[in-house]
1. Angle check, please: helix 381-392 long axis (alpha carbons) against the longest principal axis of the chain (alpha carbons), in degrees 0 to 90, nearest 10.
2. For segment 353-370, list residues with backbone N below 11 Å from a point placed 7 Å from the Cα of residue 110 toward its Cβ?
3. Under 15 Å from a point placed 7 Å out from the Cα of residue 377 along the Cα-to-Cβ direction: which residues of segment 35-72 have their backbone N that close?
4. So which lysines can residue 15 reach, going by Cα to Cα under 23 Å and dropping same-chain residues fewer than 8 places off?
5. For residue 221 and residue 186 in one chain, what is 0.36 nm times their gap in residues minus the Cα-Cα distance, to one decimal in nm?
6. Quick one: length gained pulling residue 260 to residue 400 fully straight, 0.36 nm per residue minus the C-alpha distance?
7. Once you sort the root eigenvalues of the Cα gyration tensor of the chain as a ≥ b ≥ c, which label holds: rounded (a/c under 1.5), prolate (a/b larger than b/c) or oblate (the other case)?
8. Listing 357, 213 from the residue with the fewest other Cβ atoms within 10 Å to the one with the most, what is the order?
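None of the figures in this text is laboratory data; all of them are computed from the coordinates on show. Keep in mind that what you see is a predicted model, and the values were worked out from it rather than measured. Cβ coordinates were reconstructed from backbone atoms using ideal geometry, including for glycine residues, and neighbour counts include every protein chain displayed.
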Amino acid sequence: MARLGGLWRHADFLKLWTGQSISELGSQVSLLALPLTAVLGLHASAFQVAALSTVEFLPFILFTLPAGVLVDRLPRRMILIVGDAGRALLLATIPIVYSSGGLTIWQLYAVGFVGGILTVFFDVAYQSYLPSLVERDKLVEGNSKLQVTVSAAQILGPGMAGALIGWLTAPDAIAVDAVSFVASACFVVAIRKRERSASHAADEERRRMKEDMLEGLRWVFGNAYLRAQAACTGSSNFFGNVIYAILIVYAVRVLHLSPAKIGLVFSLGNAGFLLGALLANRIGRLLGVGRTTLLAALIFGPAMLLVPLAPRSNPLPFLIASQMLASFGGVVYNITQVSFRQTITPERLQGRMNSVMRLLVWGTIPLGSLLGGALATTFGLREALWIGAVGSTFTFLPILLSPIVALKEMPEPVEEPLAAAAEAGLPPSTVSVDA
């Protein structure tokens, strides 16, 4: 087992990994069950279903920057526990209220919005917690292992979700996700290592939140690598969610697919996630960091074009191929770029860096979802899919035109900025990020 990597013997990482794996499997149920609850249970319109995705990701615009500051000040492990427990309680309200006949689209919006706030804090803390839990030279291995089980959940989850929805109804199936969040919280509680919190430093205590947020913004916008990553990922998420916000509606009302067939599409298509997670390190060593990032970004556009090209008579092969290509490219891209930005960012800035990146790359999701719903309402579902797919073909350009392409290896970890430089608000260019 040791031959597979040192983290196999890292007890605290294994707890984090196990808990997140259970949660990811449960979350695949809600990813399918929530929109199907709106479509089948509440007979929502295409715009209302797209608005559900918008509401879920709106907190990434509103709360991400302050979340980054708080994540750098508070114990990240506790933020993870609260995030898991809170989302479990929120999701549990859906099957309870549904059983009494009182479920409305507004409750789904409320659960989506408040759950989105908890997800903002959880995700920023999660990506910032790993560098304090494992050594920096183990970050790629850690991210790869986490992504492997995410990928396995994305393969098994949709099929399980389709079967559960057919058996229990969509609202009742959401209870499975609530239980998975409870399990995740229990495993995080069991982690013994306590990270060093920046809140213990006297100079950090004296600084105002606005100044801390500005320092995180300067770090990201002052770094050519991070700017290119944000532009590529943000535009991909924008155009991708023009498609994904209305895909379930399109699959049910135009392609006439059952929940089981929709689950099958995602289960088979998500095999690309697992393949990408297993091959990401090998591809990175073979092609180098820059070319791997560019290759993965190039795959997304052609994958999205397969969605509107799918014939109504036999759409499953096209939809499965689309999901498989997009998931493969996406996971190779994510493992490479997340490990890269964790490596070049000082420990005390991890939360703020991740919050700024989350704002830039996930903040586009509600905008894309809203546009997808508006386009589908105005022009039709298939026409909206075409607009999203064509836009997706150009999202690789920020990587192609950036210095990322020339990178062969992960850079050495940067040194912490001097306290005087941090207090003076000097830009990130004062700290070397070159290998």
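1. 20 degrees
2. none
3. Inside the label zone: 44-55.
4. Answer for residue 15, where 23 Å is the Cα cut-off: 138, 145, 193, listed by chain and number.
5. Values: separation 35, 0.36 × 35 = 12.60 nm, distance 3.72 nm.
Contour length minus the Cα-Cα distance gives 8.9 nm.
6. Working: separation 140, 0.36 × 140 = 50.40 nm, distance 3.94 nm.
Going from the current span to full extension adds 46.5 nm.
7. Working: a/c = 1.61, a/b = 1.38, b/c = 1.17.
Because a/c hits 1.5 or more and a/b exceeds b/c, the chain counts as prolate.
8. Numbers: 357 25, 213 18.
Ascending Cβ contact count within 10 Å gives the list 213, 357.
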